[in-house]
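Engineer: The following block contains the structure, expressed as structure tokens.
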Amino acid sequence: MFTDPKRRRQHDDPPLIPGIVRRERLHMLGITVANDFSVSEHVQDLTVKSAQTIYALRVRRAHRLKDAALQQVHRSVVVARLLYAASAWHGFTKATDRRRINLLLERAKRHGYCMPDLPTFEELCDAADDQLFNKTVSNCNHILHSLLPPSSTASQHYNLNLRRRMHTLSLPEHGTYLSDCNFVIRMLYKHSY
């Protein structure tokens, strides 16, 4: 019906509610999410701040700070910044976003600011996801526990000769690409194939 993409987008937006301003992006708890659930702007901010920290490490090295101390600072500042709430947002990253972060980590490895065996960003996020999911499943008082589906009836009759299941929860019906980026859905389907 509409051929102009801007007009089509305006047409697809829900009607405005008086007193509520529509925004293109939302900045919450230090994470920037665009209205299309893109986190590219957040990754841009992360890489800029991390590059500034790496520059500061270079200056500190020139003032004879030991490599072990540089690596400790890198781990506690840069890696911690990259992993902050990553379970919530890294599912929405694009390949280019992940590549930017991995290039930043590779540059830090080349210059000796971090351990040479530091895992990739995806591996760091996978480990953090697994840890959070295991805590969520095992602790019924965990804030995310209420988001988990009930246990599967099939898990009660699961043959122990088959491969070990990562959880006993039922798998929800496959939704949309956007729901697949959600932490809980990602973790429920992880290792299921």
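Engineer: Give all pairs with beta carbons closer than 8 Å in which a residue from the stretch 166-178 that is closer than 9 Å to S151 by Cβ meets a residue that is at pLDDT 75 or above and assigned to a loop (DSSP other than H, G, I, E, B); count only pairs at least 6 apart in sequence or on separate chains.
Structural biologist: L169/L148; L169/P149; L169/P150; S170/P149; S170/P150
Engineer: Within the stretch 139-157, work out how many residues are at pLDDT below 90 and either among the polar types (S, T, N, Q) or assigned to a loop (DSSP other than H, G, I, E, B) (or both).
Structural biologist: Selection size over the stretch 139-157: 8.
Engineer: Restricting attention to the stretch 1-27, report how many residues are at pLDDT 85 or above and surrounded by 10 or more Cβ atoms within 10 Å (Cβ to Cβ).
Structural biologist: Going through the stretch 1-27 one residue at a time, the tally reaches 3.
Engineer: Anything in the stretch 114-132 that is in contact with a helix residue (DSSP H, G or I) (Cβ under 7 Å, 6 or more places away or on another chain) and more than 26 Å from R58 (Cβ to Cβ)? List them, or say none. Give the steps one after another, and end with the answer.
Structural biologist: Step one: of the stretch 114-132, the residues in contact with a helix residue (DSSP H, G or I) (Cβ under 7 Å, 6 or more places away or on another chain) are 114-116, 118, 120-122, 124-125, 128-129, 132.
Once the filter is applied, which keeps residues that are in contact with a helix residue (DSSP H, G or I) (Cβ under 7 Å, 6 or more places away or on another chain) and more than 26 Å from R58 (Cβ to Cβ), the stretch 114-132 yields E122, C125, A128, D129, L132.
Yes/no matrix, rows are residues, columns are (1) among the β-branched types (V, I, T); (2) out of contact with any Phe, Trp or Tyr (no Cβ under 6 Å at 6 or more places or on another chain):
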| position | (1), (2) |
| --- | --- |
| V79 | yes, yes |
| S87 | no, no |
| K94 | no, yes |
| L103 | no, yes |
| R110 | no, yes |
| C125 | no, yes |
| K135 | no, yes |
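Engineer: If you go through the stretch 124-142 one residue at a time, how many are closer than 24 Å to V79 by Cβ and exposed (fewer than 13 other Cβ atoms within 10 Å of the Cβ)?
Structural biologist: So the answer is 3.
Engineer: With (1) at pLDDT 90 or above; (2) surrounded by 11 or more Cβ atoms within 10 Å (Cβ to Cβ) as the list, and A80 as the residue in question, which single condition is left unmet?
Structural biologist: Tallying (1) at pLDDT 90 or above; (2) surrounded by 11 or more Cβ atoms within 10 Å (Cβ to Cβ), A80 fails exactly one: (2).
Engineer: Also, I was wondering about something else. Taking into account only those residues within the stretch 18-53 that are part of a helix (DSSP H, G or I) and among the charged types (D, E, K, R), which is nearest to K94 (Cα to Cα)? Give the steps one after another, and end with the answer.
Structural biologist: Taking the stretch 18-53 and keeping what is part of a helix (DSSP H, G or I), we get 40-53.
The next check asks that each one be among the charged types (D, E, K, R); those that pass are 41, 45, 49.
Values: E41: 11, D45: 15, K49: 19 Å.
That would be E41.
The values are calculated or read from the model by the stated rules, or taken from the named source; none is laboratory data. Remember, it's a predicted structure, so these values are computed and weren't measured experimentally. Don't worry about glycine lacking a Cβ; one is built from the backbone with ideal geometry, like all the others, and counts go over all protein chains shown.
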